[in-house]
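The values are calculated or read from the model by the stated rules, or taken from the named source; none is laboratory data. Computed from a prediction, not measured in an experiment: that's the story for all the values here. As a convention, Cβ positions derive from the backbone with ideal geometry for all residues, glycine included, and neighbour counts pool all protein chains shown.
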Amino acid sequence: MQSLAPNIFVKDINATLDFYRNLGFQLTMSVPQPGEGDFVWAMMTNGKVTMMFQTIESLGDTLPAISRTADGGSLLLYINLENIRAFFDSIKDKVTILQGLEKTFYGATEFSILDNNNYVLTFAEHE
């Protein structure tokens, strides 16, 4: 595994970005790009720390295991790694698979599982 970047679901993404800017974070990526409409997802970094923020509405029905009724508590941890197919094969019979291996529109190969505390972990390889 190479990195872990929490993807935190928020009601007001702009207020969240303002808060994290006050902590020294800078916007490094967003969907859509700045000036092209309201953000549904944003990545911020401060040094080697990366945080991602996403509106609950933007998730749609992709991962229904993520709670949409309460603030906080529902978390998707996005973990980059190499050799995702071998890793998937080594754990697929030991975990609850929420979404199998898929190539995303942004070029990553991903899959999602549920951990023993009902947190969602998404593993990704950007080939």
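Identify the residue in segment 93-114 that is in a strand (DSSP E or B) and of a type in the set (Ser, Thr, Tyr) and, among all such residues, is farthest from residue 65 (Cα to Cα). Applying the filter and picking the extreme gives 109. Do you know which residues across segment 1-43 are part of a helix (DSSP H, G or I), touching a residue at least 12 places away in the same chain (Cβ under 8 Å) and among the aliphatic types (A, V, I, L, M)? Scanning segment 1-43 gives 13, 17.
Hey, among 54, 99, which residue is modelled with pLDDT of 95 or more and within 30 Å of residue 12 (Cβ to Cβ)? One residue alone meets the criteria, 99.
Residues checked against (1) within 22 Å of residue 125 (Cα to Cα); (2) touching a strand residue (DSSP E or B) at 6+ places or on another chain (Cβ under 9 Å); (3) at pLDDT 90 or above:
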position	(1), (2), (3)
8	yes, yes, no
13	no, yes, yes
17	no, yes, yes
23	no, yes, no
27	no, yes, yes
30	yes, yes, yes
38	no, yes, yes
41	yes, yes, yes
46	no, yes, no
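Scanning for something of a type in the set (D, E, K, R), part of a loop (DSSP other than H, G, I, E, B) and under 20 Å from residue 125 (Cα atoms), does segment 59-82 turn up at least one residue? Looking for residues that are of a type in the set (D, E, K, R), part of a loop (DSSP other than H, G, I, E, B) and under 20 Å from residue 125 (Cα atoms), one finds at least one in segment 59-82, hence yes.
Taken over segment 102-116, residues that are out of contact with any Leu (no Cβ under 7 Å at 6 or more places or on another chain) and buried (at least 16 other Cβ atoms within 10 Å of the Cβ) amount to 2. Entry remark, segment 15-27: residues being surrounded by fewer than 12 Cβ atoms within 10 Å (Cβ to Cβ) and closer than 13 Å to residue 48 by Cα number 2 in total. Are any of the residues in segment 57-65 closer than 12 Å to residue 9 by Cβ, at pLDDT below 95 and crowded, with 17+ Cβ neighbours inside 10 Å? Looking through segment 57-65, at least one residue is closer than 12 Å to residue 9 by Cβ, at pLDDT below 95 and crowded, with 17+ Cβ neighbours inside 10 Å.
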